[in-house]
Amino acid sequence: MSRRRVSVKDLGEADCQGWLQRRKDGRSFLGGKWKRFWFVLKKSSLYWYGDKMAEKAEGFINLCGFSIEQATGCRKR
């Protein structure tokens, strides 16, 4: 089964989850637009969804081999 076909409920308890802004690719003069997604970090996998109860992930990134730290500040609300 593809990792993008995993629903939020099927992931079980996440290591970290919440709303984040992700810039969608765009061909406009100012670049892509920012869109809000529900992100779930589970072990070394980062999934993002359109909402908290989505049945299919919008995307997936395998973070194996990377180190992850919590940010200390944020410029964008």
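The values are calculated or read from the model by the stated rules, or taken from the named source; none is laboratory data. Remember, predicted model here, so these are calculated numbers, not experimental data. Note that each Cβ is placed from the backbone with ideal geometry, even for glycine, and that neighbours are counted across all protein chains shown. Surface areas here come from the heavy atoms of the whole protein model, side chains and all, with no ligands, DNA or RNA. Shrake-Rupley method; radii C 1.70, N 1.55, O 1.52, S 1.80 Å.
Does segment 65-75 include one or more residues that are modelled with pLDDT of 90 or more and not small (Gly, Ala, Ser)? Checked against the condition, which is being modelled with pLDDT of 90 or more and not small (Gly, Ala, Ser), segment 65-75 yields no hits at all.
Could you check segment 32-72 and list, in sequence order, the residues that are open to solvent by less than 60 Å² (accessible area, probe 1.4 Å), assigned to a loop (DSSP other than H, G, I, E, B) and farther than 12 Å from Leu11 by Cβ? Listed by number, the residues that qualify are Gly32, Ser44, Gly50, Leu63.
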